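Data first, discussion second: the structure below is written as structure tokens.
The values are calculated or read from the model by the stated rules, or taken from the named source; none is laboratory data. None of these values were measured; they are calculated from a predicted model. Every residue, glycine among them, receives a Cβ derived from its backbone with ideal geometry; neighbour counts consider all protein chains shown. Please note that ligands, DNA and RNA were not included when accessible areas were found on the heavy atoms of the full protein model with its side chains. Shrake-Rupley method; radii C 1.70, N 1.55, O 1.52, S 1.80 Å.
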Amino acid sequence: MIEYRSLRVGLLGCGSVGSQVARLLLEHGEELAQRIGARIELVGIAVRDVTASRDAELPTELFTTDARDLILRSDIVIELMGGIEPARSLVLAAIASGADVVTGNKALLAQHGPELFAAAEQVGAQLSYEAAVGGAIPIIRPLRESLAGDRVERILGVVNGTTNYILDRMDTTGASLGDALAAATALGYAEADPTADIGGYDAAQKAAILASIAFHTSVPVDAVYREGITEVTSAQIESAKRAGYVVKLLAICERLTDPVTGQEGVSARVYPALVARGHPLAAVHGANNAVFVEAAAAGPLMFYGAGAGGVQTASAVLGDLVAIARRHVIGGPGTAESIRAELPMFPIGRIRTRYSISFDVADEPGVLATVAQFFAQHRVSVEQLQQTVSEETGRATLVIGTHEAEESALADTTAALAASSVVTSSVSVLRIEGAVS
Ligand code: NDP
Ligand code: HSE
């Protein structure tokens, strides 16, 4: 048997993901040692409550509440506590102590990424975070390394499993948003407080991380435009279906050029959008995730799989751990963060896309002409118009599809519609995304 040197690993957090990381480390120690050329020694697991039961059977002597002491005993620290504090301070302490860090903490990276990357760069430490976006799906390393020589133009991501499950259920069963959310909660996808998922906050954090890597630009989560799925109705899903679309909560990261100044910039945004049923993202069902990347030379690429789950996410964490451990064995610097372009952010009003606008009108002569006038006034070109009249209520619903238009022009159009006496309901808008450029 080969005698390997040991690398000491400290695990912060032993919940859904941490417990599986610890279990796999202990179960596959020999195999990992052969792959790495060093033995991984799990020296401790920091938690809040050392007596709490865990999802995996783990040696009780590993547990501690003293995370700082554990960090000082570790060559590599894996942070799987979640949240901002104390995770931020502990990651900084680990970096300062000379350890490398693996984390799956999207909230922390989206809010404090630049601070953490700067601290790591200063001391030559590795900070890896494959698990932070898309759970088990390899997407961070492909963007950071495999596509580093290409030019990423656009990313469309289904990066939140809970909302994808809800929208998919509404689409396939005709369920209401409330019923689909209740099903997601019963299956353990949605948290007791589902705000982070259905409000689009979780997806916005992931969009900030993806845009930062893809465009070599620091994109703070506050700069990500965000709409959740709370306003999506069964009627919109049905109407989308009739028109050949499916509704998905998309995280969109795009490289844009100002047509007047020629200045390049970046847009990062999250909203429910219509995706053509033939698009690869339309086939992402249930709680799965997928990231569709369009790069100038590589063309379209699709990354698909489990976006969450303890053991699935542990796979991504262990991949980072092995890569970092190999660097310890081989020596030399690892992959540095590449935040050099610092492109400006395009505000939402400057984005151009297509729209599907729906609202009720009185079914009377002249109404269509009035409606058409609002679109013409704001230079939004209509591509399609669908009118359905309810036999029961006599209510006429218009669904208008537009050609590409600027968000600000669209906003002016919908404001005019909403204020008009011919419109008898609220005006709802879904963007149409996924046209391959
Ligand atoms: P859990 O909530 O299941 O577990 C968190 C763990 O951290 C618990 O063991 C808890 O200890 C410990 N902890 C929390 N606060 C402290 C503290 N102040 N001091 C010491 N220990 C603390 O989280 P998950 O495993 O679900 O997620 C971990 C990270 O991975 C998060 O950043 C999450 O966003 C990310 N992630 C999770 C995915 C998933 O599918 N769950 C998917 C992708 C990423 P105790 O048990 O004693 O309370
Ligand atoms: N709440 C997240 C989701 C977990 O539903 O996708 C993974 O980040």
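If the segment from Q384 to A183 were pulled out straight at 0.36 nm per residue, it would be longer than the present Cα-Cα gap by 68.9 nm. log₁₀ I(q)/I(0) of segment 137-221 at q = 0.11, 0.18, 0.26 Å⁻¹, via Debye over equal Cα point scatterers, no solvent, to two decimals? So the normalised log intensities work out to -0.39, -0.80, -1.18. Here the ratio of the Cα radius of gyration of segment 272-359 to 2.2 N^0.38 Å is 1.57. Per residue, the solvent-accessible area of the chain (1.4 Å probe, heavy atoms of protein chains only, all protein chains present) comes to 43 Å². Over segment 351-433, what percent of the accessible surface lies on carbon and sulfur atoms, probe 1.4 Å? Within segment 351-433, the accessible surface is 46 percent carbon and sulfur. Screening the chain for whole DSSP H helices with an alpha carbon extent of at least 24 angstrom along the helix axis and a mean Kyte-Doolittle hydropathy of at least 0.0 yields 310-330. Calculation over all alpha carbon pairs of segment 140-306 in 10 angstrom steps from 0 returns a P(r) of 11, 38, 34, 15, 2, 0 percent. Measuring gaps between exposed loop sites in the chain (GluC sites (Glu not before Pro); DSSP loop; at most 16 other Cβ atoms within 10 Å), the longest gap, sites not included, is 58-190.
Kirkwood radius for segment 264-318, taken over all pairs of different Cα atoms as the inverse mean of 1/r, rounds to 13.6 Å. Straight-line reach from K106: which lysines have a Cα under 29 Å away, not including same-chain ones fewer than 8 places off? Excluding near neighbours in sequence, the set is K206, K248. What FRET efficiency, computed as 1/(1 + (r/R0)^6) with R0 = 41 Å and r the Cβ-Cβ distance, is obtained for D49 and E231, rounded to the nearest 0.05? Step by step, r from the Cβ atoms, then E = 0.55. Highest mean packing first, where packing is the average number of other Cβ atoms within 10 Å per residue, the peptides 276-285, 368-377 line up as 276-285, 368-377.
In the chain, the DSSP beta bridges split such that about 70 percent are antiparallel, to the nearest 5. Can you pull out the trypsin sites (Lys or Arg not before Pro) in segment 330-437 whose DSSP state is coil and whose Cβ has at most 10 other Cβ atoms within 10 Å? Qualifying residues, ordered by number: R340. Across q = 0.12 Å⁻¹, segment 1-111 modelled as identical point scatterers on its alpha-carbon atoms has Debye log10 I(q)/I(0) values of -0.39, in the order of the q list.
Taking each DSSP H run with n ≥ 4 as -39500 (n - 2.57) and averaging over every residue of the chain yields -10500 deg cm²/dmol at 222 nm.
Size descriptors for the chain (Cα atoms only): Rg and Dmax, in that order, 24.3, 88 Å. Using 20 Å as the cut-off for backbone N distance, which residues of segment 243-272 belong to the label zone defined by a point 7 Å from the Cα of S428 along Cα→Cβ? Under 20 Å, as judged by backbone N against the label point of S428, lie 243-251, 270-272 of segment 243-272. For segment 140-306, a simple Cβ point-charge model (Lys and Arg +1, Asp and Glu -1, everything else neutral) yields a dipole of about 380 debye relative to the Cα centre. Gyration tensor analysis over the Cα atoms of segment 313-437 returns equivalent ellipsoid semi-axes of 50, 18, 11 Å (largest first, whole Å). A Förster radius of 30 Å, combined with the Cβ-Cβ distance separating H28 from T172, puts the computed FRET efficiency at roughly 0.20.
Between amide H atoms placed 1.01 Å from N, distances below 5 Å from L256 occur with G265, V266, S267, all of them 5 or more places distant or on a separate chain.
In a simple Cβ point-charge model (Lys, Arg +1; Asp, Glu -1; nothing else charged), the chain has a dipole of about 720 debye relative to its Cα centre. Counting Lys and Arg as +1 and Asp and Glu as -1 over every other residue whose Cβ lies under 9 Å from the Cβ of I351, the net charge comes to +1. Taking the alpha-carbon centroid of each part, what is the distance from segment 307-377 to segment 89-164 in angstrom? Between the Cα centre of segment 307-377 and that of segment 89-164, the gap is 16 Å.
Which residue, P259, P333, P138, tops the fluctuation ranking in a GNM of the chain built on C-alpha contacts under 10 Å? Of P259, P333, P138, the Gaussian network model singles out P259 as fluctuating most.
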